[in-house]
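Peer 1: Got a structure for you, questions after.
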Amino acid sequence: MRRVLVKGAGVAGLTVAHELAARGASVTVAEIRGRIGGKASWLAGGMLAPWCERESAEEAVVTLGKTSAEWWERTLPGLVTKAGTLVVAHARDASELARFAARTGNCESVDEEALAALEPDLADRFREGVFFAGEAHLDPRRVLEALAGKLRAMGVIFLFEAGEIAPSGFDQVIDCTGMARADDDLRGMRGEMLILHTREVSLARPVRLLHPRHPIYVVPRADHHFMVGATMIESDHDGPITARSLMELLNAAYALHPAFGEAEIVETGVGVRPAYPDNLPRVKRRKDGAITINGLYRHGFLLSPAMAEQAADLLFNSSADLESENEADRQRRSA
Amino acid sequence: MFELFGTKLASRLLLGTAQYPSPAVLAEAVKASGTSVVTASLRREMAGGRGGEKFWSLVNSLGVRILPNTAGCHSVREAVTTAKMAREVFGTPWIKLEVIGNHDTLQPDVFGLVEAARILCEDGFDVFPYTTDDLVVAERLLGAGCKVLMPWCAPIGSALGPVNIMALRSMRGHFPDVPLIIDAGLGRPSHAATVMELGFDAVLLNTAVAKAADPVGMARAFSKAVDAGREAYGSGLLEPRDVAVPSTPTIGRAVFS
C-alpha cells in the first residue's frame, strides 16, 4: 500500500486525499492550522459554474470543470444543489448581458416572466437575464467538513498544527499548500467577501449581477445567509477588507435587492487565491519528487476534482501526461 | 517614430493592463499590439501599499515602458499622493493623471485636474492629463505645465467611439504642436483609425482589447487600425464632396450613341 503525505487541508488537499484513498493509498493529511478548510477554500463562493467562468477564463476551465458537480455529488451525496446560475443586469447595463452570453455558452436568455419563476424575489427588479441551467453550487464549509468526516471513515489520518514532517515515512508527498508554497510562478489574487443574513430575501441559486465595473455574485447559504463576493485585486496582501471594497460589495448587493440594505453583516473575509500566469491550475512534479497541486485561482471547488484525478493518475500510472490540458490550451492560443 | 518627453516610441498605441483574463493573455496581447507603453493602475493593485509585486514583475518583464496612472482618484490630494507613490514604485516621473468627478460616468473633474496637474508639474512629473475635449480646459492644463494632453472621445469603457468629431477636430486644430492622445471611449479598430485620421498622435486602449473574446487578436487589429489611420493622415485624405466624381474622366471617351 502506498503511503502518501498530503500537505494542506484546503479543497485541493482534501479532494486529492479522497481520490488517493479511494484508489487504495494510505493517506495522511498534515495541516499547519488547527482545523480543515485552509484559507482561500474556507472563504470560497462554492459555485460550480464552468460556463459562467468562461467569460473571463480559458476553455480549459470548462473542459476540466464541467464534471465537477458530478464528482462532488458522487463523493458527498446530497450536498450539491443543482439549480443553475442566474445572471442579471440592470436595464442600463443590458448590453453586458448580451456580451456575457456571447462569451460563455450552454445558457439561455430568460424574459421577465421566466426570471420571476426562477427567482420570485427578483421579479419586478430585473426584466431580463441569462440562465445557466447546467451549473450547481455547494456550501464550501459544510462540504469540506463532510469530506473530512468521510476521509476519517476511510482511514485517512489528520495531523493538525503540524510542523515539518519527515518525508521519509512516506512514498510520496503531495503539496497542496496554496500561497504558503514558495513557487516563483505563483502570484496572489486578493479576494474580499462578506456574509449577509436577512430573512427578507430568498434565492434558490447563485445570482450574478453584471456591472461594467463592479460585477458581483450572491450565493445563497443555509438559513437565509448569503455569501457576497468577491473582489479581484492583484495583490498577495491578506490584511482586512478595505472600506472601498466593502462599500462596493454592499452597494452591489443593495442594487440586487434593497432588502440587503437591512441585512446583518455576519462576517467579512479576505483571502489570497494562488494563481499561475494563465490563471489555470497545475499538477507539477517538483525536483525533490513531491507532487504539487496549485494555482486553483478562483476555481478551487470547480477544478480541484480534475486536479486530484490528474495527481492520482500521476502517482498510480507514471506514464500519465502532466499538464496536457494546459499545453493544449496554450497551443490553441498561440495558433 | 513618435516622441513623448524625449522618449522615442515605435508604436502609437498605448495599452492598459486591467481586466485581462490572465497575465499570460495580457503578455500576449502586449506583444501582438506592438505597443511601447502600458499603463498601470496603482490604486487597486496594491492594497494597503503592499503586494502586487508579482503582477508588476510580470508586466515589467514585457520590456515596455510603464505609464502609471491615478485611476479611481476622486480628489486632488488623493491623485497627488497616488502619483508620488507611483513614482516610488515604478521609478518613473511619468504619470497619467486622472481626477474623477463623477462616479457613474467617470468624467474627469477638470477643475481638480488642473490643480493637481500644476502641483505635479512643479514637482517634476511628466504629466499626461486625462481630460475632456474642452479647449479652455486644455489651455489651462498647458498653462499648468502639461506638455501632453489625453482627451477622451467618449466615457471610459463605453466603447462608443468618437462622439463629437467636431470637438476633436478643433482640438487638433488649436494645438497643432501638442502631442494629443485619445484616452478613453474607443470600442473598435475603426474608431481608432478615425481619430488617427483626424491627426491625433496616439491612442490609449484598455477595455476594448481586454474584454474582447480574443484579446490577442483584438490587440493586433487595433495596432493595424492605428497604423492605417496614421498613414492615411500623413498621406492627405480626400475631403468629402457633394457630387459624384468619376475616377476616369468622361471627356474624351468614345461616344457610341
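Peer 1: Computed over the Cα atoms of the protein assembly as shown, what is the ratio Rg over Rh, Rh following Kirkwood? Walk me through the numbers before you get to the answer.
Peer 2: On the way: Rg = 26.9 Å, Rh = 26.1 Å.
In the protein assembly as shown, Rg relative to Rh is 1.03.
Peer 1: What residues have an amide H closer than 5 Å to that of A:Ser26, excluding those fewer than 5 places away on the same chain, when H is modeled at 1.01 Å from N in the peptide plane?
Peer 2: A:Arg2, A:Arg3, A:Val4
Peer 1: As a test of the formula, what do you get for the protein assembly as shown when each DSSP H run with n ≥ 4 contributes -39,500 (n - 2.57) and the sum is divided by the residue count, at 222 nm and rounded to the nearest 500 deg cm²/dmol?
Peer 2: -10500 deg cm²/dmol
Peer 1: What does a probe at A:Asp288 reach in segment A:157-175, counting residues whose amide N is under 17 Å from the point 7 Å along Cα→Cβ?
Peer 2: Of the residues in segment A:157-175, A:162-175 have backbone N under 17 Å from the label point off A:Asp288.
Peer 1: State to the nearest 20 debye the size of the charge dipole of segment A:133-220 about its Cα centre, where the only charges are +1 on K and R beta carbons and -1 on D and E beta carbons. Don't jump to the answer; show the numbers that get you there.
Peer 2: Details: 11 positive and 12 negative charges, 119 e Å.
Once rounded to the nearest 20, the dipole reads 580 debye.
Peer 1: Sticking with this structure for a sec: Taking each residue in A:275-282, count the Cβ atoms of any other chain within 10 Å of its Cβ, then average. What number comes out? Provide the component values of the computation, followed by the final result.
Peer 2: Numbers: counts 4, 3, 9, 7, 6, 2, 0, 0.
Partner Cβ neighbours, averaged per residue: 4.
Peer 1: Right, next: I want the antiparallel fraction of DSSP beta bridges within chain A, as a percent rounded to 5.
Peer 2: 70
Peer 1: Could I ask something else about it? Mind checking the mean number of beta-carbon atoms from other chains within 10 Å of the Cβ atoms in A:233-243?
Peer 2: Taking all residues of A:233-243 together, the mean is 6.
Peer 1: Just checking the output field for A:186-193: average partner chain Cβ neighbours within 10 Å of each residue's Cβ?
Peer 2: Across A:186-193, the average partner-chain Cβ count within 10 Å equals 3.
Peer 1: Net charge around A:Lys150, counting only other residues with Cβ within less than 13 Å of its Cβ (Lys, Arg = +1; Asp, Glu = -1)? Mind dumping the intermediate values first?
Peer 2: On the way: positive: A:Arg74, A:Arg142, A:Arg152; negative: A:Glu19, A:Glu145.
The answer is +1.
Peer 1: Quick one: if the Förster radius is 51 Å, what FRET efficiency do A:Tyr254 and B:Lys31 give, using the C-beta to C-beta distance and rounding to 0.05?
Peer 2: Rounded to the nearest 0.05, the efficiency is 0.75.
Peer 1: Hey, another quick one. Using +1 at the Cβ of each Lys and Arg and -1 at the Cβ of each Asp and Glu in the protein assembly as shown, identify which of B:Ile181, A:Val130, B:Phe5 lies farthest towards the dipole's positive end.
Peer 2: Working it through, the farthest residue towards the positive pole turns out to be B:Phe5.
Peer 1: Tell me, in nm to one decimal, what length is gained between B:Ala10 and B:Val178 on full extension, where the rule is 0.36 nm per residue of separation less the Cα-Cα distance? Could you put the intermediate results ahead of the total?
Peer 2: Working: separation 168, 0.36 × 168 = 60.48 nm, distance 1.82 nm.
Taking B:Ala10 through B:Val178 to full extension adds about 58.7 nm, to one decimal.
Peer 1: Of all DSSP beta bridges located in segment B:86-207, what percent are antiparallel, nearest 5? Walk me through the numbers on the way to the answer.
Peer 2: Values: 1 of 10 bridges.
Just about 10 percent of them are antiparallel.
Peer 1: Under a 5 Å amide H to amide H cut-off, with H placed in plane at 1.01 Å, what residues pair with B:Asp126 once short-range neighbours are removed?
Peer 2: Amide H to amide H, under 5 Å and 5 or more residues apart or across chains, B:Asp126 pairs with B:Trp94, B:Ile95.
Peer 1: Using each residue's phi in segment A:182-195, evaluate 6.51 cos²θ - 1.76 cosθ + 1.60 at θ = phi - 60° and report the 3J(HN,Hα) Karplus result to the nearest Hz, with x for Gly and Pro.
Peer 2: 6, 9, 4, 7, 7, 9, x, 10, 5, x, 10, 9, 8, 10
Peer 1: Where a ≥ b ≥ c are the square roots of the eigenvalues of the C-alpha gyration tensor, would you call chain A rounded, which needs a/c under 1.5, or, failing that, prolate if a/b is larger than b/c, or oblate?
Peer 2: It comes out prolate by the Cα gyration axes.
Peer 1: Ordered by residue, what ³J(HN,Hα) values in Hz, to whole numbers, does segment A:23-30 give under the Karplus form 6.51 cos²θ - 1.76 cosθ + 1.60, where θ = phi - 60° and Gly and Pro are x?
Peer 2: Taking θ as phi minus 60°, the curve returns 8, x, 7, 9, 10, 10, 10, 10 Hz for segment A:23-30.
Peer 1: Say a paramagnetic label sat at a point 7 Å from the Cα of B:Lys147, along Cα to Cβ; which residues of segment B:182-213 have their backbone N under 20 Å from it?
Peer 2: B:182-183, B:200-204
Peer 1: Based on alpha-carbon centroids, what's the gap between segment A:3-34 and segment B:125-179 in Å, whole number please?
Peer 2: Rounded to whole Å, the Cα centres lie 59 Å apart.
Peer 1: Given H placed 1.01 Å from N in the peptide plane, which residues other than close sequence neighbours of A:Ile32 have an amide H under 5 Å from its amide H?
Peer 2: Amide H neighbours of A:Ile32, under 5 Å, 5+ apart: A:Gly8, A:Ala9, A:Ala162.
Peer 1: Hey, another quick one. To the nearest 20 debye, what is the magnitude of the charge dipole of the protein assembly as shown about its Cα centre, counting +1 on the Cβ of each Lys and Arg and -1 on the Cβ of each Asp and Glu?
Peer 2: It works out to roughly 980 debye.
Peer 1: Separation of segment B:1-41 and segment B:72-95 by C-alpha centroid, Å?
Peer 2: 19
Peer 1: Sort B:71-79, A:292-300 for me by packing, meaning the mean count of neighbouring Cβ atoms within 10 Å per residue, highest on top.
Peer 2: Packing proxy ranking, top to bottom: A:292-300, B:71-79.
Peer 1: Which of the lysines could a cross-linker span from B:Lys96 if the Cα-Cα distance has to be under 26 Å and same-chain partners fewer than 8 positions apart are dropped?
Peer 2: B:Lys8, B:Lys31, B:Lys54, B:Lys84, B:Lys147, B:Lys211, B:Lys224
Peer 1: In segment B:1-150, what % of DSSP beta bridges are antiparallel (nearest 5)?
Peer 2: Working: 4 of 17 bridges.
Roughly 25 percent of the beta bridges in segment B:1-150 run antiparallel, per DSSP.
Peer 1: Have a look at A:Leu296, A:Ala25, A:Gln310 and report the one farthest towards the positive end of the charge dipole of chain A, computed about the Cα centre with Cβ charges (Lys/Arg +1, Asp/Glu -1).
Peer 2: A:Ala25
Peer 1: I want the local charge near B:Trp94. Using Cβ-Cβ distances under 15 Å, sum +1 for each Lys or Arg and -1 for each Asp or Glu among the other residues. Don't jump to the answer; show the numbers that get you there.
Peer 2: Numbers: positive: B:Lys8, B:Arg65, B:Lys84, B:Arg87, B:Lys96, B:Lys147; negative: B:Glu3, B:Glu88, B:Glu98, B:Asp123, B:Asp126, B:Asp183.
Once all neighbours under 15 Å are counted, the net charge is 0.
Peer 1: Then there's this: For segment A:226-232, take each phi angle, set θ = phi - 60°, evaluate the Karplus expression 6.51 cos²θ - 1.76 cosθ + 1.60, and give the result in whole Hz per residue in order, putting x for glycine and proline.
Peer 2: Couplings: 9, 8, 10, x, 9, 6, 10 Hz.
Peer 1: Report the label-to-label distance for A:Lys150 and A:Arg74 in nanometres (one decimal), using points 7 Å from each Cα along the Cα→Cβ vector.
Peer 2: 1.1
Any read-out appearing in this document is the output of simple, stated calculations on the displayed coordinates, not a laboratory observation. Everything numeric in this text was worked out from a predicted model, so none of it was measured. Cβ sites come from the backbone with ideal geometry, for glycine too, and all protein chains shown count toward neighbours.
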